[in-house]
Every structure is written in structure tokens, then in C-alpha cells.
Amino acid sequence: MRQVRLFLASVGRRPALYSLVTPPMGLLYLAAYLRAKFHVAIRIEDQRLSNCTDDELVQAAVDFRADVVGLSAFTSGAHALSRITANMRRALPQVHIALGGPHASASRADALLGNAADIAVEGEGEWTFERAIRADFDPEGLAAIPGLHWRNAEGRIVTNPGLMPLIPDLDTLPFPAYDLIDIRQYWKQQSMPPIPRRTYISLTSSRGCPYQCIWCHKIFGKRHRAHSAERIVDEIVHFARSYGVDEVEFLDDTFTQDPDRVMAFSELLLRKHGKIKIAFPNAIRGDTVTPEMLRALRDAGVYFSSFALETGSPRLQQYTCKFLNIPRFLENVETAVKLGIFANGFAMLGFPTETEAELQQTIDVAAHSQLHTCSFFTVTPYPNTELYAIVERERPEKLAKISYNDLTFPSIRVNLTDLPDETLFAYQRKANWQFFLKPGRAFRILRDYPKPHLLPAYLPVFFSRATKGLFHKPTG
């Protein structure tokens, strides 16, 4: 097979107020897999890092003389795909264009509407993308790929029956292709908040989440699959030696799902490498982790972890299928803090049917917890989630008011409750003030935050959240 020139890009520019930039893990794993299968030249462009314009992104693909272009996007950045794909098609008439990432998984066949892409890859991308390249994007070959969304010669969008199987043994995948990006450029940017800037790499040690939370994606399925402890430690040792990193952040949905793996990883890391700083910015499930696991992780180097409360209402825990044991969650957060782990919280305000009393209940649970910091997010329904289906079925007029373009926390104006907009926004402001002004919390943040001199950089974000909705015009 001739050499394929593959241009992979993460689409979406940085928002002005609060720019979060992390390595494009999906592209790094995909690139590593494809170059193990093909004679391929690969270039990766991260628009969120470079902040290049859409036209500059297209020009980069043209300069690379791409045969195949893979575009990964969040739903909030997908509005740019129309212009990007149309311009790429004009500049490179023979190019094959594939869409992937969260937006393609959420929107499925609709991801191909209004743009010039050839295919949309839903879910885990390695095996599907490999088969599309082997078929040279020929319609006969594309028609044989289970679950693929593609555009036939007449321009009609086709969805193939079936689903591509999930990769059963993640240890068979190569290490992510960090050599294709300049990791040092990411060290200059803010990663997941509120972790300070540092010399790190991101890793994903598992795929799939067995829980059924109604707001969540299904990109990697609902069966937990994980790298072995040996594989994770080998990756850390390799990248620490290759790039001199002194920290790892794990982006798993459920890193602590397998207690035996957690304990084996912690012991093996200390034996083969030694303690290294570790962060869990995506959160670990706070009611299933145990004190023994927390101590082992702390001993291995964990200094930061997020804990996802989501709602303090027992009724809404049932309604949303999160089923969090709140008292156990609070006990484990307290244990983590006593072990010296900086604890960040995630909460969500504005579920369908949520009452003022339940909004206050979430605020009270978070404010009285031992969490150092907490983000109070607006509940937002994304396509291909159960939450979206509920709103579409019960309150479809709510969906008509949502624009997903450049959706970032300070700009979200979604209200799925039956309460007036000004009431929901008032509780969101109250959440930030009540949480952060709780006596003793500011002192604990200053005492325990890894780099306290960087804390002033977060003040604009705090004030944006603490004044949310003050200048909002009701949507009617």
C-alpha cells in the first residue's frame, strides 16, 4: 500500500475568558495505532493550542499535502466544520475527510449534515478508521464497516447496520504518539482547573464506564476495560525518561473501578519508578473508593483529585441514575483531604424537575463538605444522552433555545427546570459565594494548594461564575 499522508486535527479555538488546553488524547492514540498498521506520514494540529484560524488550519492540511483528514471536535466547536471541510474540499479535491471525537459520537449521522465530510466515526475510532483507510474510502468498502455513517455517491447519508466491536485488550494498543506534538507547549497553558501549570503528560488508562448517569456520553461503551497495572507503569517510566515529566494526569472516567488494579499499580509504580505527582482532574467516584485505595494512591504520588457530587438531592440521585451514596462520598472526601490530597468538587444545578429546595440542598452539601474547591455547572443536555431524550420528550421547547456553538461554562444559558431563569442563575451565584466564603475554606485553599502564588489567575473565572446571569435577558 502506498504511503498515506494523514492530517489529524482537533477543531475548536480557545474561548477568550478561560482557556483550557490539554493534549488531544484521542488523536494521539489513533495516530499511534494507525502508524503501527500502515506506511503513513502523520501530522497533528491542535487548534485549541495554536489558536489558529479555521483558514490557517485548512492551509496546514494543504501544505502537508494530505490524502486523508481526520477532524475531532466537541459539539461546542462543531459549527466550524462546515467552513473547514468546504475549504479543504476546494483546496484538496481528492482528499478524504473523516469526522470523529465527542461530536461525531453524540450527533451520529447528523454530524455529516451541513458539511463536506465523507464519513463520521462514532465511538472508539481505531478499528473503524483502519478499515476506512484500507478501503480507500471506496463506497463498497465503507458499506461493510459496522456502524459507520457515510455519504454515498449521490450525497445521501447512510448509516451501516451493527456496531464496531470494542477493543477487548487495551494493552495491545501502542503508547500514545506524544512524539507527534510538542508537549512542552502544553506546559505553558492551563490544563484542567484548578490544577496549576506543570511539567506533565496526560494518560488514559481505561475506557468505558459501567454507570448510567443520564447526562453522560457513550463514546467508549458501558463496559469498563482497562490497561494492566504493568502497562500503566511502563508508560509512565517511558514518558518520564523521554520528556522529563514529573507529573501524570489520568483522564479516565473510572480509574478506581477495579480496586485490585489500583493497589497493584500503586505498588508497582513505587517499585519500578518511584513516587511521581499524579492528578485525577476528571474525578474519581467518591462513594466506591476506599480509604485503603486513597492511602495507596497518596503513597504513589496522588496530590490532586476531583470528586463528582453532581447533586446533593437523594431524589435527583435516583432520577439521574447516578445513585451516589452521599454520606460515603463525604467521608471519603474527608479522608482524602486528611491524607493531603487537594480535593476539587463537581456539582450540577438545573436538572429537569429540580426545585429550589433541591438547588439549595446541593449547595449545602458542597459547602459543608471538606472539598477545597468546587465548580457548579449548568445542566446541559447533549445529543445521544438519556438526558437529551428526556428533555426532547417532555419539554422540547427547552431544546430549541440551546445553541451549542462555543458553549463554555460562563456563557451557558440553559434552564431545564420549571423555575424562572433569574431564580436558577441566582442559585448558581449563591452556590459560588456560599461555598467559597464558608469560614476556613479560603485558609485551607491557601494552605493546601500546590502553587498558591498562581491562585490570583483564577479570580476572573470566579467572578464570572459568581455573577452569572446578572446581565442575562430572559429567553421567554
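Things worth noting here:
- Test: residue in the range 414-436 that is under 26 Å from Ala73 (Cα atoms) and either modelled with pLDDT under 95 or assigned to a helix (DSSP H, G or I) (or both): yes
- Among residues of the range 25-46 that are in a helix (DSSP H, G or I), those with a beta-carbon under 8 Å from a residue that is surrounded by fewer than 21 Cβ atoms within 10 Å (Cβ to Cβ) and among the small types (Gly, Ala, Ser) at least six positions away or on a different chain give the pairs Leu28/Ala177; Tyr29/Ala177; Ala31/Ala177; Ala32/Ala177; Arg35/Ala177.
- Within the range 28-35, none of the residues are modelled with pLDDT under 95 and open to solvent by 50 Å² or more (accessible area, probe 1.4 Å).
- In the range 125-140, the residues that are of a type in the set (S, T, N, Q) reach residues that are buried (at least 17 other Cβ atoms within 10 Å of the Cβ) and not in a helix (DSSP H, G or I) with C-beta atoms within less than 7 angstrom, at least six apart or across chains, in these pairs: Thr128/Val121; Thr128/Ile145; Thr128/Leu148; Thr128/Met164.
- Going through (1) under 25 Å from the mean Cα position of the chain (by Cα); (2) of a type outside the set (Val, Ile, Thr); (3) within 30 Å of Ser266 (Cβ to Cβ); (4) surrounded by fewer than 23 Cβ atoms within 10 Å (Cβ to Cβ) one by one, Pro327 falls short only on (1).
- Pick from the range 347-362, criterion under 27 Å from the mean Cα position of the chain (by Cα) and of a type in the set (Ser, Thr, Tyr), ranking: surrounded by the most Cβ atoms within 10 Å (Cβ to Cβ): Thr362
- Filter result for the condition that a residue is farther than 22 Å from Ser202 by Cα and open to solvent by less than 10 Å² (accessible area, probe 1.4 Å), over Gly286, Gly301, Gly312: Gly312
- Taking first residues from the range 216-230 that are without any contact (Cβ under 8 Å) to a residue 60 or more places away in the chain and part of a helix (DSSP H, G or I) and partners that are open to solvent by 30 Å² or more (accessible area, probe 1.4 Å) and not basic (Lys, Arg), the Cβ contacts under 6 Å between residues at least 6 apart in sequence or on separate chains come to Ala229/Ala264.
- Pairs, first under 13 Å from Leu371 (Cβ atoms) in the range 429-441, second at pLDDT 95 or above and assigned to a helix (DSSP H, G or I), C-beta under 6 Å, six or more apart: Ala431/Ile363; Gln434/Ile363; Gln434/Ala367; Phe435/Ala366; Phe435/Ala367; Lys438/Ala367
- Of the criteria (1) within 22 Å of the chain's Cα centre (by Cα); (2) buried (at least 17 other Cβ atoms within 10 Å of the Cβ), which one Asn415 fails: (1)
- Of all residues in the range 386-409, none are more than 28 Å from Asp110 (Cα to Cα), out of contact with any strand residue (DSSP E or B) (no Cβ under 8 Å at 6 or more places or on another chain) and buried (at least 19 other Cβ atoms within 10 Å of the Cβ).
- Qualifying residue in the range 4-23 (condition: surrounded by fewer than 20 Cβ atoms within 10 Å (Cβ to Cβ) and over 22 Å from the mean Cα position of the chain (by Cα)): yes
- If the condition is being aliphatic (A, V, I, L, M) and assigned to a helix (DSSP H, G or I), then the range 437-449 contributes Ala442, Ile445, Leu446.
- The range 415-426 residues that are charged (D, E, K, R), paired with ones that are modelled with pLDDT of 95 or more and open to solvent by 20 Å² or more (accessible area, probe 1.4 Å) (beta carbon under 9 Å, 6 or more apart): Asp418/Thr353; Asp418/Thr355
Yes/no matrix, rows are residues, columns are (1) of a type in the set (Val, Ile, Thr); (2) out of contact with any Leu (no Cβ under 7 Å at 6 or more places or on another chain):
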position: Leu8; (1), (2): no, no
position: Gly26; (1), (2): no, yes
position: Val58; (1), (2): yes, yes
position: Val68; (1), (2): yes, no
position: Ser72; (1), (2): no, no
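- Arg2 being in a helix (DSSP H, G or I), within 23 Å of Asp138 (Cα to Cα) and out of contact with any Asp or Glu (no Cβ under 7 Å at 6 or more places or on another chain): no
- Residue match in the range 222-231 (condition: among the polar types (S, T, N, Q), over 18 Å from the mean Cα position of the chain (by Cα), surrounded by fewer than 19 Cβ atoms within 10 Å (Cβ to Cβ) and under 26 Å from Asn344 (Cβ atoms)): no
- Selection status of Ile219, open to solvent by less than 50 Å² (accessible area, probe 1.4 Å), more than 18 Å from Phe280 (Cβ to Cβ) and in contact with a Ser or Thr (Cβ under 6 Å, 6 or more places away or on another chain): yes
- Residue pairs meeting the criteria (Cβ under 9 Å; at least 6 apart or on separate chains; first at positive phi, in the range 65-93; second modelled with pLDDT of 95 or more and assigned to a loop (DSSP other than H, G, I, E, B)): Arg65/Leu92
- For the range 147-188, taking the residues that are more than 14 Å from Glu126 (Cβ to Cβ) and touching a Gly at 6+ places or on another chain (Cβ under 9 Å), the one that is least open to solvent (accessible area, probe 1.4 Å) is identified as Asn160.
The values are calculated or read from the model by the stated rules, or taken from the named source; none is laboratory data. It should be emphasised that the depicted structure is a prediction, and the values quoted were computed from it without experimental measurement. Don't worry about glycine lacking a Cβ; one is built from the backbone with ideal geometry, like all the others, and counts go over all protein chains shown. Please note that ligands, DNA and RNA were not included when accessible areas were found on the heavy atoms of the full protein model with its side chains. Shrake-Rupley method; radii C 1.70, N 1.55, O 1.52, S 1.80 Å.
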